[in-house]
Structure formats: structure tokens, C-alpha cells
Amino acid sequence: MFHGGYKLTLTILAMFVVTFFAAGQALAQGNGKGGGNGGGGGGGDDPPASVPINYSIHLVPLATPMIPRSINGTGVVVGGNSGRAFVYDSREVFAPAGDPTAQRIFDLNDDSIIFGKLQDLLPGWVFSSAWDVNEDGNVVGALRDLGNTTARKGFVLETFLNSDPNTWNLIVLTDFGTRSYATDINSNGDVLGIYDRPDGTQDYFLYNPWLESGVNAELGLNVSLDGSLNNLGQVAGMLADGNTAFYFDPNSTMDTFTVKNGAIGGLNDVGYVCGRWYDKGKYKAFRFDTWTGTGPEIILQSGNWIGVWAGGHLINLDSDVAINIGTDISLSHTGNQDVAAQLWNLRDLIDPLDPLFDEWANFDRDCPAIGERDSTGFPTLVCRMRLVENGPLWAVILTPFLPSP
């Protein structure tokens, strides 16, 4: 792990924002440069002659378009936006397999039981968004006061991977300032969030509602937007000067590296951070090893905008990275015993027989989060796509399968 005076200087021309990407931009092909894991170009206009994997598209059955922000290893997807939040069980883990009566999607403000639990604790408040879910089915996010549009509180919703919301337990987190909410939860129950100080500056907090001590750390920083938390309790994020990214280990020290107007897209359990910067007329997506200070490995570069999501989950344990570029998506796969490392345009991996193939190929899409690899050796992804030109962006899950010989 690097410490002390080690500095990495990156140059970026872009703000760290939650956005979907303007229509009409296309992936700049052939500009990717391989790094330590051998990432290659995104391919040309024609798909490759053969691919090691296909993806099928599964619509999340939402009545209202919402942003899918995270997926756990059991297939539970959470998300939301604009005063709504949802929990979706994509693999029926909430109930015995094949149980047709199991409810698989919960709009937290429309479900009378869940919403009733919130009103018992905080009358007049609503679920504003769900940001993350851990392997135990514990969901974290933000609550909003209908009487004060700027007020926020963090929450933890214990689902116990159970389809009956009567068994669920809602925890409202301690107020850390005039506005606070939770963005990440790890396998130990540690919660990462952000709060406003009275002077208007922001800081991150680490909190575990299952520990008697509660607060593990207020990081004592002046930060900007949301950070990323891994299962070791380590945090990566951006300081408010817009020029400094940091990596914080509660058992060690905090290290910083300069990223002018930078963007951090996620942190995994082996210490890799993903993000993007701007240099010499090109946006560049990168992986950086915070434990050794080596890198950055340039995954892809393009004249088009490369976007990341606040509180990002764009890198998994195998250091695969989902990259939003223009209105397209690339997958940087680090390889395994069967497949060499490669940078793929997801357009080339979608099953051409999928009922939504034409919509995926012709309309806008983006990717807020990447999941872990399954038995195919490729990750699940949670994305958004338009079903009609200029229509709303609907949440979808991309699941890999091995193509027929």
C-alpha cells in the first residue's frame, strides 16, 4: 500500500455528475490502449466474427422509470430517483424458487406496509432513492421530507431476503448534519454516507447501525459528491477542491492523488479504483491500484464524454469496469483462464435474437452499475435503455450466457 508523499497527477476536464448522456454521441472505436490487463480497442463498426459471451436483456418491471443503482450477488437490484425508490428481486431469492405468489418488486412509497413503517418513524417523509444493497439484502438510501424539499436522512432497510415486507425492519440513521443520506453498505454492515455541515461544506461518514458504538468515523474532510466503500471498510472519493481524489483506510492512513475536476467511479476489495480524466483532447477511462500506487492503466480514450455515476459501482471484484461513453457502453473485462483480457462494446455482446436487440442497438443506453461475475466468467450489468426514440430510460438487467457452439 502506498503512503505519505506518493502523488499521482491526472488532468481531467469534466465535472463529476450523475447524468445520462446526450443522444447522438457514438463510441469512438479503436482508441482504447491496453494497460497491465491488456484491454484493447472497442472494435469497429462491424461486430467481431465471434464472441465468448452473449447478454440477454431483462426489463425491470417498474411502473415508472427509475435509475438502477446497484446489484448484489443474489440478484437483488435497488435504485430510484426523484422521490421514488425500489427493491427488485431478479432471481427469486426472496422466496422458494418457483413460488408464483412471491412479490418480486417493491416500490417503497407505494407499498403500504413499507411506507407505513416509515410514517410510524417519520410522518411526512418519503423514500427518495435506494443507492446500494449488500449480500444480506440490507438496502441503504435517502429519505426526503415533503415539507422541506432540501432535508434528507439516511436509512437502512433490512429485507432479510424475505418476500414479506411485514418482516422487514427500517432503520433511520443518525443525523450527521442539516442533510445526510447513505450511499453504500458493505458485507459487514458498514454504511458510507455524506452530510452537510452548517457552513455548507460536506463530509463523509462511516456508520454501522448494528454496532453499539454506531459511528465508526466522520472522516473530517471537505468532500464533493458521493464516495465508494468496499468490504474492507476502505473509502475512495473526491475532495471539494475538485482537484484531489483520496483513498482512506480506517486501519491505516489516507492517501491522495491529484485529479483536476476528476471523477471516481468505484473501489473494489483488492484496492482498484476506476475513474476518468481528460488529457490532450481525449477523455480517458482508467484503473488505478491504490494498494501499490501503480498505474493508472488506461482502459479507453475518446473524444466523446466518458461519464461516471456518483456513489459509483462501476468496478467489480475482478476489476472489470463498465464505461459510459457518449450514449454507448463498453465493458473492460480483465480476462480469465478461458478468455483473454479485452475491451468490448456491449452492442457486440447482446444476443442478436433478443426481443430488445433492435432497441438496444438503435436507441440510447447507459450503465450505472456492474455486478460480479457468474459461472460464465462474465459480470451481470444493470443498465438503462430507451424502448422508443427520445422515450424514457427504463431499467434493465443484462445477464451473460454462453453462446451456442
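The values are calculated or read from the model by the stated rules, or taken from the named source; none is laboratory data. Everything numeric in this text was worked out from a predicted model, so none of it was measured. Glycine gets a Cβ as well: all are built from the backbone with ideal geometry, and neighbour counts include every protein chain shown. Side chains are part of the model used for accessible areas, which takes the heavy atoms of the whole protein and leaves out ligands, DNA and RNA. Shrake-Rupley method; radii C 1.70, N 1.55, O 1.52, S 1.80 Å.
Scan the stretch 131-139 and give yes if some residue there is out of contact with any His (no Cβ under 8 Å at 6 or more places or on another chain), more than 20 Å from Gly312 (Cβ to Cβ) and open to solvent by 50 Å² or more (accessible area, probe 1.4 Å), otherwise no. Let's see the steps before the verdict.
Going residue by residue through the stretch 131-139, those that are out of contact with any His (no Cβ under 8 Å at 6 or more places or on another chain) are 131, 133-139.
After this cut, where a residue has to be more than 20 Å from Gly312 (Cβ to Cβ) as well, the list is 136-137.
Then keep just the ones that are open to solvent by 50 Å² or more (accessible area, probe 1.4 Å); that gives 136.
Checked against the condition, which is being out of contact with any His (no Cβ under 8 Å at 6 or more places or on another chain), more than 20 Å from Gly312 (Cβ to Cβ) and open to solvent by 50 Å² or more (accessible area, probe 1.4 Å), the stretch 131-139 yields at least one hit.
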Only one of Ile298, Ile323 is open to solvent by 30 Å² or more (accessible area, probe 1.4 Å) and outside any loop (DSSP other than H, G, I, E, B). Can you tell me which? Ile298
Within the stretch 169-182, restricting to residues that are out of contact with any Phe, Trp or Tyr (no Cβ under 7 Å at 6 or more places or on another chain) and part of a strand (DSSP E or B), the one that is most open to solvent (accessible area, probe 1.4 Å) is Asn169
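Of the residues that make up the stretch 219-240, is at least one over 21 Å from Gly177 (Cβ atoms), at pLDDT below 90 and open to solvent by 10 Å² or more (accessible area, probe 1.4 Å)?
Narrowing the stretch 219-240 to residues over 21 Å from Gly177 (Cβ atoms): 230-234, 236.
Next, only the ones that are at pLDDT below 90 stay: none.
Checking the stretch 219-240: not a single residue is over 21 Å from Gly177 (Cβ atoms), at pLDDT below 90 and open to solvent by 10 Å² or more (accessible area, probe 1.4 Å).
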Being within 16 Å of Ile113 (Cα to Cα), part of a loop (DSSP other than H, G, I, E, B) and not polar (S, T, N, Q) is the filter here; which residues of the stretch 125-160 pass it? Phe160
Where residues in the stretch 183-210 are free of Cβ contacts under 8 Å to residues at least 60 places away in the same chain and among the charged types (D, E, K, R), which of them is surrounded by the fewest Cβ atoms within 10 Å (Cβ to Cβ)? Asp199
When the stretch 342-366 is checked residue by residue, the ones that are surrounded by fewer than 21 Cβ atoms within 10 Å (Cβ to Cβ), aromatic (Phe, Trp, Tyr) and in a helix (DSSP H, G or I) are Phe357
(1) within 27 Å of Val51 (Cα to Cα); (2) at pLDDT below 90; (3) within 18 Å of the chain's Cα centre (by Cα) all hold for Ser332 apart from (2)
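Test Gly265 against the stated conditions and say whether it is under 16 Å from the mean Cα position of the chain (by Cα), open to solvent by less than 40 Å² (accessible area, probe 1.4 Å) and under 23 Å from Gly177 (Cα atoms). Let's see the steps before the verdict.
Numbers: under 16 Å from the mean Cα position of the chain (by Cα): yes; open to solvent by less than 40 Å² (accessible area, probe 1.4 Å): yes; under 23 Å from Gly177 (Cα atoms): no.
Judged against the criteria, Gly265 is not a match.
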